[in-house]
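Contents: one structure, followed by commentary.
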Amino acid sequence: MREYKLVKSFNAAIEGFFYVVKTERNMRIHFLFAIFILLLGICLNFTPHELMILTISITLVLAAEMINTAVELIVDIVVEMNFHPLAKIIKDVLAGTVLVTAINAAIVGYLLFSAKMPFTVEDGITRLGQSPWHLTFISIIVVMTLTIFGKAFLHSGTPMQGGMPSGHSAIAFAMWTVIAFLTRNAIVILMAFAMAFLIARHRIKDSIHTIWEVIAGAILGILATSLIFQLLHQ
């Protein structure tokens, strides 16, 4: 029961995040820009501390935008019942909060990226292609994002459970694809495939996913990871 409540809480949180992404233009811009900046930081071989600072700054902007949206909805509900002159001020203050966090992120980004100047895209891709850890991290993030967006677009299941495609299968076969690219040991590759297969089979056995949802997840994980490694791995 406790595990069910935990999954339900995660589903509610993710659905809330995607509601803001779908309904707020500024949030979509911030979200896409955040992904681009993080990938660029990885390409430039940022240290863990630099990535941590960059991630915190980006998270503050996204969180401020979400709080802004939530409070605006509350204000709109109150205004519908009884107009209050402070409603506009509240919205302006919230917009100012988003602006302050965005300025902070811009300053942090400038300080971090200026230290890496000069750089070229070719050098960044070369460094990225020589780092299996970075490629694996990017692959997992891309597969998870595509899976959640796929469920949201198809209105299928919840972000953390059920629906098309199967997230567990996508991640499992993405990891198998990573291992297949990084090792030439046939036994290791075969064992990794067996583990991915058992994870996928378990989702069908427990009636969480249909066989087509599992197959779709596996294909998504393999294709997305293969594309990233084919384009970047050296």
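Coordinate-derived values only; no laboratory data. The shown structure was predicted, so the numbers you read here are calculated from the model rather than taken from an experiment. Quick reminder, even Gly has a Cβ in these numbers, built from the backbone with ideal geometry, and neighbours come from all protein chains shown.
Placing unit charges on the Cβ atoms only, positive for Lys and Arg and negative for Asp and Glu, gives the chain a dipole magnitude near 520 debye about its Cα centre.
Want the number for residue 33 to residue 87: 0.36 nm per residue separation, take away the alpha-carbon distance, what's left?
16.4 nm
Each of 48, 20, 186 was scored by the projection of its Cα onto the charge dipole of the chain, and the greatest displacement toward the positive side belongs to 186; charges sit on the C-beta of Lys, Arg, Asp and Glu. Taking the Cα centre of segment 2-119 as origin and assigning +1 to Lys and Arg Cβ atoms and -1 to Asp and Glu Cβ atoms, the resulting dipole is close to 200 debye.
Measuring nothing but how far apart in sequence close Cα pairs (under 8 Å, 6+ apart) lie, relative to its length, the chain scores a relative contact order of 21 percent. Projecting the Cα atoms of 202, 212, 176 onto the charge dipole of segment 127-232, computed from C-beta unit charges around the Cα centre, puts 176 farthest toward the positive end. Based on DSSP H runs of at least 4 residues, each adding -39500 (n - 2.57), what is the mean residue ellipticity at 222 nm of the chain after dividing by all its residues, to the nearest 500 deg cm²/dmol? Calculated from helices alone, the mean residue ellipticity at 222 nm is -29000 deg cm²/dmol. Stretching the chain fully between residue 198 and residue 223 yields a gain of 7.0 nm (0.36 nm per residue, less the alpha carbon separation). Hydrodynamic radius of segment 2-119 by the Kirkwood approach over all distinct alpha-carbon pairs: 16.2 Å. Between the listed residues 9, 97, 163, the Cα displaced farthest toward the positive end of the dipole of the chain, a dipole computed from Cβ unit charges relative to the Cα centre, is found at 163.
With the simple model of a label 7 Å out from the Cα in the direction of the Cβ, residue 103 to residue 211 spans 6.0 nm. Converting phi to 3J(HN,Hα) with the Karplus coefficients 6.51, -1.76 and 1.60 and the offset θ = phi - 60°, segment 11-22 yields 4, 4, 5, 5, 5, x, 4, 6, 5, 5, 4, 6 Hz in sequence order, with x at every glycine or proline. Please identify, among 85, 48, 132, the residue showing maximal mean-square fluctuation in a Gaussian network model of the chain using a 10 angstrom Cα cutoff. Taking springs between Cα atoms under 10 Å, the residue moving most is 85.
Each of 202, 134 has some number of other Cβ atoms within 10 Å of its Cβ, and from fewest to most they run 202, 134. With a cut-off of 8 Å between alpha carbons and a minimum separation of six or more residues, what is the relative contact order of segment 127-232 in percent? The value is 36 percent. Note that segment 196-212 has calculated 3J(HN,Hα) couplings of 4, 4, 5, 4, 5, 4, 4, 5, 6, 4, 8, 6, 7, 9, 7, 5, 6 Hz, one per residue in order, obtained from phi through the Karplus relation 6.51 cos²θ - 1.76 cosθ + 1.60 (θ = phi - 60°); glycine and proline are x. In terms of overall dimensions, the C-alpha atoms belonging to the chain reach 70, 52, 28 Å along their principal axes, ordered largest to smallest. Rg then Dmax, both in Å and based on the Cα atoms of segment 127-232: 13.7, 43.
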